[in-house]
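Everything on this sheet refers to the single structure shown next.
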Amino acid sequence: MATIKDVAKLAGVSLGTVSNVLNGKTNNEELIEKVEKAVRELSYRPDAMARSLKNTNSSLIGLVLPNAVEPQYHEFMMTLEKHLRSRGYDLLIHFSHGNRLVEKQAVESFLDKKVSAVIIYSGMALDFQDEWADNKTPMLLLTNDTRVSFHGSIFYLDYAEAFQKTLNLLRTNKKAHVGLVVERDIYEAGRFREIFQSYFPDESLVVLADSIKEAGFRAAFELNYACDSIDAIIVGSQALGEGLLRGLALLHKEKIPIYAVKASSWVEDANRYAGEISVSHHDVAIEAMHDVLDSIEKPLLHEQITRTVSAELKVNTLTPHVILPGENELHFAMYDCSSARSLQIYSMIYERESGQKLHFDMYPYAELEALLYEQADRKDSFYDGFMIDIAWFQGLTESGLVRNLDHILQNKAYLSGFTENAIRDYGMYVESLFAIPFMSGSQILFYQRDLFGNRTLRRKFERKYNAPLAPPTTWMQFNAVAEFFTRRFNPDSPVKYGVSMTNGDNVYLAIDFLDRLWAYGGKIFDDFGNVTVNSSHALAALNSLVQSFLYASGEQLDSWDKVAGEFAEGNSAMVILYSSDAGEINDPTRSRVAGNLGYSLIPGGVSVQGGWSLGLNRYGKHAEEAERFIMWACDKYNGIPLTLMGGSTLRKEYYQSQDLERVQPWKKLVEQTFQTSRKRAMPEILDDSRWKNTIYTEIIPGEILRVLHKEIDGPAALANMAQRIEQLIRK
C-alpha cells in the first residue's frame, strides 16, 4: 500500500507539500497537478484512523446504539451515516446491547481515538450527569428518559403523550382489560408507569420483558393466563410485537388489537397493528447530524441544546376499497410510464376479487393524445377509460370525450384524501368533475452525491470557477457544474456527461425550455393572453438550454424513462426528472447510483407542473363498472403500494407516512414542489381546443431543434415561435 512518502517521492516534492495539497492549503497549480497525478498513479488513500490520532479535528464520529435489530435504531444509523458521509465524515459504531458498562467502554474507546464527536443513543434509565463532565469532545445523548441530565446536547424522545392518547382511545372504545408488554427501563422512565396506572391501577396485566421476540412470545401466554378476556395490548418494541403476534396466533386470538411503540412501517402496520406510537428516526437522525456538525465546525458559536421530540400516535384505519363483481371486460388507454405499468401489474388484485378482466394498452405520449381525439371524433366506445395529461384536460373535456363525474363530488370522504388542490388541478373543469387524480408530476434535480463530496473534485472546481462545488440553484451554475463533469471538457471527470437530457421533437424539450424561461422571468403569454415568447428573457433561457446540450450524451432519449435509465447507469452527474419517473434510479437491482442520490429543487426553483388523471369515455358501454375500477385505482388504500411499485400518487397518506423515505427519500421535496410548480399556459382558441397543446408538443420543440441543428439562431427561433403561436390562436 502506497504511503505519503511514496507520493512525495514520485511527485518530486516534500512531505509538507503533499500534506498541503491533500488538505487544500495551497493554490499552486503546478504543485497540485504533480501531487494529484502521483496520488492517482499510486492509488494512494490517506489513513483516516492515523490522521484522526494526529489531529484534533478528525473526520470520524462515534455512535453508540443499543442494537441494530430494532428498525428504529437501524433507520437512525443508516440515515445518520448517509448524511454524514455526504458531508465528509465517517461513523465508528459500537453496540451497548443494553449494558451500561459496555456503553461506557464504547464512549471511552471513541474518546481515545480522538473522534470529532460522540453520539449516544441510550435505552437505559440512568443518570449521565457526572459522566465525561470534563471532556471537551462534543457529545449528544438521545434517550427516552426525560429525567436524565447530561454534559452535552440532549434529545429527549418523549413517548408519554402518544402513550396517553393510546390509552384514551382504548378507554373510548370501551376496552376494559388492556395489557402492556414493555422493557423495564421504558416502563420506569418517561412516565409510562404513572400514566398506565392512572388508567389501569391493577398492574397484573403489565409484563416487563427484554426487547426480544422470544420474550414477546412468552408474554402472550402470560397475559392470556392472567386474563382470558384481554381486549387490547400495548407493546413496547417491534421485536416484542413480533413475538407477541406469534403467540396470540397459537392461542387463536389474532383479533386482539395491538398498539406498538415502534418505527413506522406501512407494509406491516396496516395489517398487523391497530396503531403505532412512533418517532421519525429519519428526521431525528438529520437533526442530530446538524447539531453535531455545528458543534464540530462552529465550536465557538455552538450552543448545547435540550430538545424534546414527541412521538405520534398513528391509528391504522385504512381498509381496502370494496370491490364488487363485474361482468364485462374493460379496456383502458394508458400513457406508457412507470405509474401505468405499476397499475397494470397491481390490478391483478382487482381482477381476482371482481372476476373482471382488465386490458391496458400502453401508448407513447403523442400517440395517446392523437388516439383520444380520434376516439372523440368517431364517438368510439372501445375504450372504457384512459389517462389524461394535465395539459390535455381542457381540450379533451371540450371535445365531449370525457364523461362527467359530478356525482362523485358528494363523496367528500373519498376526495378529501388527495393532496391540496389535486382535485381542482387534475380533475375539474368549469366547476365540474371529469377525472380522478392518479399520478403526480413534480420535477426534481437528482445528482450523484459522492461526486459533489469528492475533495479533489471540489478543489478543482473551486480553482476553476472560484465558487464551491454544490448542487446548482441557478441555470448558470447548472451549466458550469455540467461542463465540469463532462469528460469532453474535463478529462479528469469520473463520469462521461454532466447531465442526462431528453432529446427529440417532443413535449419534453418544451418542458426543459419552460423551466429556464420562468427562472429568467419570461412567459409564453402575458396576463392578457398576448404572445410574449419573443423576448430577451426567452433568449437567455434558450441560450442556456442549448448550452446544456453540450454536456449531454446526444443519444436519442425521447422519454423520461430513457433519461432515467442513462442516469441510473452512472454515466452522468445530474438529471432532472419527474418524481413519477424516478423510482427505479434508487433501486439497487436496477441502478448503479442507488444509495448515492442527492436531490434538490431544480435550478430557479419553478418547475413545470405535470401529472395525470384517470377519466371515463363518455361513449363507453360499461360506465358504472369502469368508474368503480378507476375509483379503486386512485383510492387512498392503493396510493402507497402503487408508489412502492415504481409509480406515484397524489394521496396524502403517502406523503404523511414516516417510513417510506428509504424507498423515495425525496418525497418531502415533492410536496414542496406542489406549491411552486406552474401549469403550461393555454390560450383561448375558439374553434378547437385540441390544438392548444401543439404549442408545447410541436411549435416550441420544433424551433428549438432547428437551433440545436444549427439551421437558425436563437432570435429567429423565438420569432418563429411567436408567429406560429399567433397563427394558431387566430386560425
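Here are the numbers:
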| item | result |
| --- | --- |
| The lone exception for residue 232 - which of (1) in contact with a Phe, Trp or Tyr (Cβ under 8 Å, 6 or more places away or on another chain); (2) under 28 Å from residue 661 (Cα atoms); (3) not acidic (Asp, Glu) it fails | (2) |
| Count of the stretch 666-685 residues which are among the acidic types (Asp, Glu) and surrounded by fewer than 16 Cβ atoms within 10 Å (Cβ to Cβ) | 1 |
| Qualifying residues in the stretch 127-141 (those that are closer than 22 Å to residue 186 by Cβ and surrounded by fewer than 16 Cβ atoms within 10 Å (Cβ to Cβ)) - the one modelled with the highest pLDDT | 127 |
| Elements of type helices (runs of 4 or more DSSP H) contained in the stretch 638-731, each with 2 or more residues being at pLDDT 85 or above and closer than 27 Å to residue 449 by Cα | 652-656, 667-676 |
| Candidate set from the stretch 640-656 (those that are of a type in the set (S, T, N, Q) and within 11 Å of residue 437 (Cβ to Cβ)); member that is surrounded by the fewest Cβ atoms within 10 Å (Cβ to Cβ) | 649 |
| Of residues in the stretch 307-358 being farther than 23 Å from residue 584 by Cα and aromatic (Phe, Trp, Tyr), the one surrounded by the fewest Cβ atoms within 10 Å (Cβ to Cβ) | 350 |
| Number of the condition not met by residue 167 [criteria: (1) out of contact with any helix residue (DSSP H, G or I) (no Cβ under 9 Å at 6 or more places or on another chain); (2) of a type in the set (A, V, I, L, M, F, W, C); (3) more than 17 Å from residue 307 (Cα to Cα)] | (1) |
| The one condition in (1) out of contact with any helix residue (DSSP H, G or I) (no Cβ under 7 Å at 6 or more places or on another chain); (2) surrounded by 14 or more Cβ atoms within 10 Å (Cβ to Cβ); (3) farther than 30 Å from residue 546 by Cα that residue 416 fails to fulfil | (2) |
| Selection from the stretch 170-182 of residues that are crowded, with 24+ Cβ neighbours inside 10 Å and over 36 Å from the mean Cα position of the chain (by Cα) | 179 |
| Hits in the stretch 669-694 - residues which are under 24 Å from residue 442 (Cα atoms) and more than 32 Å from the chain's Cα centre (by Cα) | 683, 692, 694 |
| Search result, residues across the stretch 389-434 that are in a strand (DSSP E or B), in contact (Cβ under 8 Å) with a residue 12 or more places away in the chain and either under 14 Å from residue 679 (Cβ atoms) or hydroxyl-bearing (Ser, Thr, Tyr) (or both) | 389, 429, 432 |
| Selection from the stretch 326-359 of residues that are in contact with a strand residue (DSSP E or B) (Cβ under 8 Å, 6 or more places away or on another chain) and among the hydroxyl-bearing types (Ser, Thr, Tyr) | 335, 339, 347, 350 |
| One residue from 161, 108, 75 being under 20 Å from residue 235 (Cα atoms), surrounded by fewer than 22 Cβ atoms within 10 Å (Cβ to Cβ) and among the charged types (D, E, K, R) | 161 |
| Hits in the stretch 88-124 - residues which are under 30 Å from residue 470 (Cβ atoms) and within 29 Å of the chain's Cα centre (by Cα) | 88, 89, 90, 91, 92, 93, 117, 118, 119 |
| Some residue of the stretch 322-332 being in a strand (DSSP E or B), over 30 Å from residue 156 (Cα atoms), hydrophobic (A, V, I, L, M, F, W, C) and in contact (Cβ under 8 Å) with a residue 24 or more places away in the chain | yes |
| Meets criteria (surrounded by fewer than 16 Cβ atoms within 10 Å (Cβ to Cβ), in the same structural domain as residue 570 (by TED's automatic domain parsing) and among the basic types (Lys, Arg)) for residue 464 | yes |
| Hits in the stretch 142-155 (condition: among the hydroxyl-bearing types (Ser, Thr, Tyr) and either crowded, with 20+ Cβ neighbours inside 10 Å or at positive phi (or both)) | 143, 153 |
| All positions within the stretch 348-367 that are touching a residue at least 12 places away in the same chain (Cβ under 8 Å) and basic (Lys, Arg) | 357 |
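The values are calculated or read from the model by the stated rules, or taken from the named source; none is laboratory data. Please read these numbers as outputs of a predicted model, since none were measured by experiment. Positions of Cβ are generated from backbone atoms using ideal geometry, with glycine treated the same way; all protein chains shown enter the neighbour counts.
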